[in-house]
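Read the figures in this text as sums done on the coordinates, not as results from a lab. Keep in mind it's a predicted model, so treat the numbers as computed, not measured. Quick reminder, even Gly has a Cβ in these numbers, built from the backbone with ideal geometry, and neighbours come from all protein chains shown.
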Amino acid sequence: MIDPAAPVLDVRAVAKTYPGGIEAVRAVSLQVRRGGLLALAGESGCGKTTVLKMINRLEDASGGSIVYEGEDIATLDPVALRRRIGWVMQGDGLFPHLTVRENVAIIPRLLGCSRDETGQRVSEMLGLVALPADDYADRYPAELSGGQRQRVGFARALAGRPDLLLMDEPFSALDPITRDTLQQEFGALRKDLGFSAVMVTHDMAEALIMADEIAVMQAGEIVQQGTPADLLSRPANAYVSGLLETPRRQMRAIRELGA
Ligand SMILES: Nc1ncnc2c1ncn2[C@@H]1O[C@H](COP(=O)(O)OP(=O)(O)OP(=O)(O)O)[C@@H](O)[C@H]1O
Ligand SMILES: [Mg+2]
């Protein structure tokens with residue numbers, strides 16, 4: 001039985017040492033609430049992608065445990081687990097030699113959906129990300145703009161109807177206007193489909209605007225998890241307040257323009 005009040009994902013003191021002794025993650029604990037979006041922020045190389053990889057068992061943890069929907073993922077079949085969890089990669093991660101239709105169809109096919117059902121799912125998902133199948137399904141990724149490729153990346157990750165979506169800097173390669181549009185569209189998708197998500201980001205303004213909660217990672221550990229308001233009013237240390245300084249400064253500068 002799934003307890004609706006329990007976190008969807010509970011990462012407990014997880015560690016990862018790569019072969020060669022590289023201690024990428026020391027002790028990360030974080031929780032994702034049901035239907036929530038948790039932003040995972042921190043400097044380059046602090047271990048964010050490694051945390052995502054451990055959640056869907058692309059990498060196995062060296063210590064600690066990860067509980068997904070009440071089950072320790074170490075006890076689950078990694079392939080079956082990955083089909084329940086959507087993954088939006090750093091960059092768009094599309095297969096360049098497959099069409100948009102084939103890229104989005106990958107997970108439904110792996111889940112054993114029939115050809116008809118897969119076709120329907122692909123059209124539905126492309127519709128949800130504002131890329132009508134009639135116009136876009138037969139194109140190759142190289143025939144799309146960066147924003148369109150990222151939309152296909154979302155459609156592909158959501159085509160298996162995952163309960164949890166892991167996203168590695170999904171908006172970082174986009175120009176500011178496309179980024180803003182996609183961020184808003186993503187908010188609407190989340191409302192419609194009701195999945196929970198972890199989003200790695202370098203951009204604190206993005207984290208503050210989009211996330212229900214933010215976890216800040218520093219040197220392989222989480223130094224603070226809280227709501228945007230918690231972090232703004234009570235940053236746990238100088239590193240967290242430093243990260244918040246840029247969006248604060250930008251906000252002040254815009255206010256001073258009297259806009
Ligand atoms: N397969 C691997 N083998 C050995 N070391 C690795 C491997 N993958 C990552 N690392 C190391 O682990 C540390 C954390 O890497 P990770 O990719 O998780 O960082 P990140 O926070 O996602 O960085 P970025 O923001 O630049 O994407 C880095 O020092 C990296 O060099
Ligand atoms: Mg990374």
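At a glance:
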item	result
12 Å beta-carbon shell around Asp212, net charge (K/R +1, D/E -1)	+1
Segment 55-144 - Debye-derived log10 I(q)/I(0), Cα point model, q = 0.13, 0.15, 0.20, 0.26 Å⁻¹	-0.56, -0.70, -0.99, -1.31
Pair Ser62, Glu245: separation of 7 Å Cα→Cβ label points (nm)	3.2
Choice from Ala142, Ala39, Ala197 showing the highest fluctuation, given a GNM over the chain with Cα pairs closer than 10 Å	Ala142
Per-pair calculated FRET efficiency, R0 = 25 Å: Arg161 and Arg33 via Cβ, rounded to 0.05	0.80
Distance between modelled label sites at Ile22 and Ala130, nm, 7 Å Cα→Cβ extension	3.8
Projected label distance in nm at Leu193 and Ser114, using a 7 Å step from Cα toward the beta-carbon	2.4
Relative contact order of segment 9-256, pairs being alpha-carbon contacts under 8 Å that are 6 or more residues apart, as %	26
Long-range HN-HN contacts of Gly64 with modeled amide H, under 5 Å	Ala15
Whole-Hz couplings from phi, Karplus 6.51/-1.76/1.60, listed for segment 216-225; x for Gly and Pro	9, 10, 9, 6, x, 9, 8, 8, 7, 10
Segment 76-125 and segment 213-259: distance between their alpha carbon centers, rounded to Å	35
Theoretical FRET efficiency, 1/(1+(r/R0)^6), r = Cβ-Cβ of Glu143 and Ser233, R0 45 Å, to 0.05	0.45
Selection from Gly127, Gly45, Leu144, by position along the positive dipole direction of segment 9-256 (Cβ)	Gly45
For q = 0.10, 0.17 Å⁻¹, Debye-computed log10 I/I(0) when each Cα of segment 1-135 counts as one equal scatterer	-0.43, -1.07
Karplus (6.51, -1.76, 1.60) ³J(HN,Hα), θ = phi - 60°, over segment 189-195, in Hz, Gly and Pro reported as x	4, 5, 4, 5, 9, x, 7
Computed E for Asp77/Asp3 - FRET, C-beta separation, R0 22 angstrom, nearest 0.05	0.45
Percentage, to the nearest whole number, of Cα pairs in the chain over 30 Å apart	30
Projected-area average for segment 201-259 over all orientations - Cα convex hull basis, square nanometres	4.2
Vicinal HN-Hα couplings computed from phi for segment 201-214 (Karplus, 6.51 cos²θ - 1.76 cosθ + 1.60; Hz; Gly/Pro x)	8, 8, 9, 5, 5, 4, 4, 5, 6, 8, 8, 7, 9, 10
